[in-house]
Amino acid sequence: VAELTRAARAERADRHAEAAEAYAQAATLTQDEAVAVTALYRAAQETERAGDPEQALAMFLDLAERFPGTQEAGRCLYDAARLCRTLGRDDDAVALWLRQIRQEPSSALGDMAVRRLYQTHVDHEDWVGFDELVTVELAAATERPADLQAALFLFRARVRDDLDRPREAYADIEAGLEGCAYPSCCYWDDLPWLGSQIALDDGEYRLTIEWLDRLLQWKEECWFTGSYASTYYDDAQRLKAELLRDELGDPAGAADAFLELQNFTDSTLRDDGLLEAARLFLGRLGDPARGCGLLRELLEEYPDSNQRHAAEELLAACG
């Protein structure tokens, strides 16, 4: 405890070499393996912060080898790969992230390893290589956590879209969703959102809305904490409304979709929804009374709205 306290004080004071030495020393003074492994991991982190990446890399790899199956083992492989990438050894980084996925699938950073693999291949413009790599991984008869499996499908779908193979990308999204149940898997919203973006880029607006609706079907409200938020919920609702208005010639459906944003109780787009719906009622839908009423509602309910000026100008024409 005294050594851990010394290490923590040194870390807070940015004396990283001293902190690394104290963490390593603390690991020798306990018979609790979990405490020792954590202390050794912190020692490796502090060694990196002290400016010795090669020594830190060796420490991360040693820990992963000695304590397989621990959360630190997965983190060590991830950090070792990250360090290799920083040192310009991308092939080693790729090999280590693959090792993490295969040997430590339960690591909390498993899906982040897939993300880093994807980014590394994209940086090298090697989309085909990433496709082949993930195809091999998915073909392996290995049980994986849902998040890791979904991440493999998600990022392969992105690459297949980049390779102009949208149907295969859609198939990957569907396969990812099969094992990614709401709300236990964190990619349940990323997958249909990606489907909507692929369809949107291809000008398939009806299909875009189908993907958006598959995302929005899971929106629900909790009376105590507001909505169970996805970062895509309100963006998906607004995009749906804009497509109905601008691409599909359905102003009534667009107005309804814009007004639906009122039910996104923690969204900053609720006032935007009122303004766009008001514009539709004032113009294409020919219902100025309804449009003016929505403008008054915006001004009353959202005093800090950045749409107040536009709403006031429109309301002045209402008479």
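The values are calculated or read from the model by the stated rules, or taken from the named source; none is laboratory data. Computed from a predicted model, the values in this text were never measured in an experiment. For neighbour counting, all protein chains shown are included, and Cβ atoms are generated from backbone atoms with ideal geometry for every residue, glycine included. When the accessible area is computed, the model is the full protein with side chains, heavy atoms only, and any ligands, DNA or RNA have been set aside. Shrake-Rupley method; radii C 1.70, N 1.55, O 1.52, S 1.80 Å.
Have a look at 144, 115 and point out the one that is basic (Lys, Arg) and more than 20 Å from residue 231 (Cα to Cα).
Result of the check over 144, 115: 144.
Considering only residues that are under 18 Å from residue 163 (Cβ atoms) and in contact with a Leu (Cβ under 8 Å, 6 or more places away or on another chain), which ones fall in the range 97-136?
Within the range 97-136, 114, 117, 121, 127, 128, 130, 131, 133, 134 qualify.
Would you pick out the residues in the range 141-162 that are over 21 Å from residue 197 (Cβ atoms), in contact (Cβ under 8 Å) with a residue 24 or more places away in the chain and aliphatic (A, V, I, L, M)?
Result: 146, 148.
Residues of the range 143-164 being under 17 Å from residue 185 (Cβ atoms) and open to solvent by 60 Å² or more (accessible area, probe 1.4 Å), which ones?
Scanning the range 143-164 gives a single hit, 143.
If the requirement is being within 24 Å of residue 187 (Cα to Cα), among the charged types (D, E, K, R), open to solvent by less than 70 Å² (accessible area, probe 1.4 Å) and in a helix (DSSP H, G or I), which of these qualifies: 137, 132?
Being within 24 Å of residue 187 (Cα to Cα), among the charged types (D, E, K, R), open to solvent by less than 70 Å² (accessible area, probe 1.4 Å) and in a helix (DSSP H, G or I) holds for just one of 137, 132, which is 137.
Need the failing condition index for residue 233 against (1) within 30 Å of residue 287 (Cβ to Cβ); (2) at pLDDT below 95; (3) open to solvent by 70 Å² or more (accessible area, probe 1.4 Å); (4) of a type outside the set (A, V, I, L, M, F, W, C), just the number.
(3)
Between residues in the range 292-312 that are farther than 14 Å from residue 258 by Cβ and residues that are surrounded by 15 or more Cβ atoms within 10 Å (Cβ to Cβ) and small (Gly, Ala, Ser), which pairs lie under 7 Å by C-beta distance while being six or more apart or on different chains?
Close Cβ pairs (under 7 Å, with a partner that is surrounded by 15 or more Cβ atoms within 10 Å (Cβ to Cβ) and small (Gly, Ala, Ser)) amount to 299/311.
For the condition closer than 21 Å to residue 116 by Cα, assigned to a helix (DSSP H, G or I) and of a type in the set (Asp, Glu), what is the one hit in 72, 65?
72
Could you list all residues from the range 62-120 that are closer than 25 Å to residue 24 by Cα, open to solvent by 30 Å² or more (accessible area, probe 1.4 Å) and of a type in the set (Ser, Thr, Tyr)?
70, 86
Report, by residue number, each residue of the range 165-204 that is surrounded by fewer than 18 Cβ atoms within 10 Å (Cβ to Cβ) and touching an Asp or Glu at 6+ places or on another chain (Cβ under 7 Å).
Within the range 165-204, 186 is the sole residue that qualifies.
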